1. For q = 0.23 Å⁻¹, what log10 I(q)/I(0) does chain B give under the Debye formula with an equal point scatterer on each alpha carbon and no solvent?
2. With the cut-off at 16 Å, report for the stretch A:1-80 the share of all Cα pairs above it, as a whole percent.
3. Applying the Karplus parametrisation 6.51 cos²θ - 1.76 cosθ + 1.60 with θ = phi - 60° to the phi angles of the stretch B:75-90, what ³J(HN,Hα) value in whole Hz is obtained for each residue in order, glycine and proline being reported as x?
4. In the stretch A:13-217, what percent of the accessible surface is made up of carbon and sulfur (1.4 Å probe, ligands and nucleic acids excluded)?
5. Can you give the accessible area per residue of chain A, in Å², using a 1.4 Å probe?
6. B:Lys74: which lysines have alpha carbons under 29 Å from its alpha carbon, excluding same-chain residues fewer than 8 sequence positions away?
7. Return one number: the angle in degrees, 0 to 90 and rounded to the nearest 10, between the long axis of the Cα atoms of helix B:41-51 and the longest principal axis of the Cα atoms of chain B.
8. Based on the alpha carbons, how large is the Rg to Rh ratio for the stretch A:13-217 when Rh follows Kirkwood?
Amino acid sequence: MSQRVEIVKRIMDSNDRLAQNNQAILDQNHIFGINLMASPGAGKTSFILETIKRLPAEIKLGVIEGDTAPVTIDSDKIAAAGIPAVQINTGGECHLDANMIEMALDELPLEDLNLIMVENVGNLICPAAFQLGTHANILIASIPEGDDKPYKYPNIYRGLDVLILNKIDLTPYIDFRMDYFQQGVEMLNPGLKTFALSAKTGEGFDAWITWLTDKVTTK
Amino acid sequence: MHELAITESILSIADQAAKENNGTKVTDIYLILGQLSSIVDDSVQFYWDHISLGTVCEGAVLHFERRPAMLRCKSCNHQYPLGEILQTCPNCQSPDVFIEAGEEMLVHHIDILREEP
Ligand SMILES: Nc1nc2c(ncn2[C@@H]2O[C@H](COP(=O)(O)OP(=O)(O)OP(=O)(O)O)[C@@H](O)[C@H]2O)c(=O)[nH]1
Ligand SMILES: [Mg+2]
Ligand SMILES: [Zn+2]
């Protein structure tokens, strides 16, 4: 006997439930969680390192580093800055998922932390679909990638809470139409909170650190 | 390439629904995928053929219903498809638009074979 079974279930449902569980763990420990997404080389690690340099004493950061390959280059840099860091090797997968974050949280000293930054795998397509349970999804776009990225990768701009526009020190060398870029962002995610800065010169970090400190200390 | 994770998720949803309904075999799975889910049908099918082996879903046919991403203009109410690249309203050129459809990623229904009660 053949029968039709109505389901109407979101494919991402099981990941999203794990993500909710992660958020509960973060909340219990009064930790603000950030999921940092970007294309390869946009400056995720540099951004975290520059943020570390400027963190006020009351912020206790832990970092989760995602990479497709079993390399610890990025997490070594974070650890060298005196910050607890866990490396996740996704085994070729192009994104982190909630399950991987759950395992990584296990390895961090949660009781000592009030901020966790997750460096997602460098990719503009896949990470967008996978909620991790963090409180803010942040994309780092960078000037050399070009001003058309919102138009070509609308997906990743949709679910963002904050946009970082990095490498503004390179603006004199690159044809980047700020108006055009911002128009695309505005179409996809109206009113998106944006910080333009340089992880190389530190320009623009004050506003970002102020925002971050406020989020962490009011959590 | 996040299609493997997606395909595993489809399998577990279909598998669970089949068990709950005393299904002995899943013959068809109907998916609704919005354009903005950026999922490639071919790779889902490719992974499916491997990971469904030996499960109640082995041999099930995947049906993909594609939903195009649609934008609507807040200035003139014109509706238009996102297409390959995001564009301002083709009717009045306003950038004041919003995405109305195309983000769906659903297992809508499945067809199963059941033992007679
Ligand atoms: N000029 C300039 N260079 C930068 C800036 N931020 C990062 N870079 C450089 O960009 C390159 C990539 O930076 P990373 O921080 O490794 O980028 P990432 O996003 O972590 O890269 P992956 O983890 O490999 O995806 C490095 O050579 C950095 O020195 C910036 O604000 N200005
Ligand atoms: Mg990095
Ligand atoms: Zn219009």
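1. Values, matching the q order: -1.17.
2. So the pairs more than 16 Å apart make up 68 percent of the total in the stretch A:1-80.
3. With the stated coefficients, the stretch B:75-90 comes to 7, 10, 6, 5, 9, 8, x, 5, x, 7, 9, 4, 9, 5, 4, x Hz.
4. Whole-percent figure for carbon plus sulfur exposure: 49.
5. 42 Å²
6. A:Lys149, A:Lys152, A:Lys193
7. Helix B:41-51 sits roughly 20 degrees off the main axis of chain B.
8. 0.94
The values are calculated or read from the model by the stated rules, or taken from the named source; none is laboratory data. In this text the structure is predicted, and so the values were computed from the model without any measurement. In this analysis, Cβ positions are derived from the backbone assuming ideal geometry, glycine residues included, and neighbour counts consider all displayed protein chains. All accessible areas refer to the heavy atoms of the entire protein, side chains included, with ligands and DNA or RNA removed. Shrake-Rupley method; radii C 1.70, N 1.55, O 1.52, S 1.80 Å.
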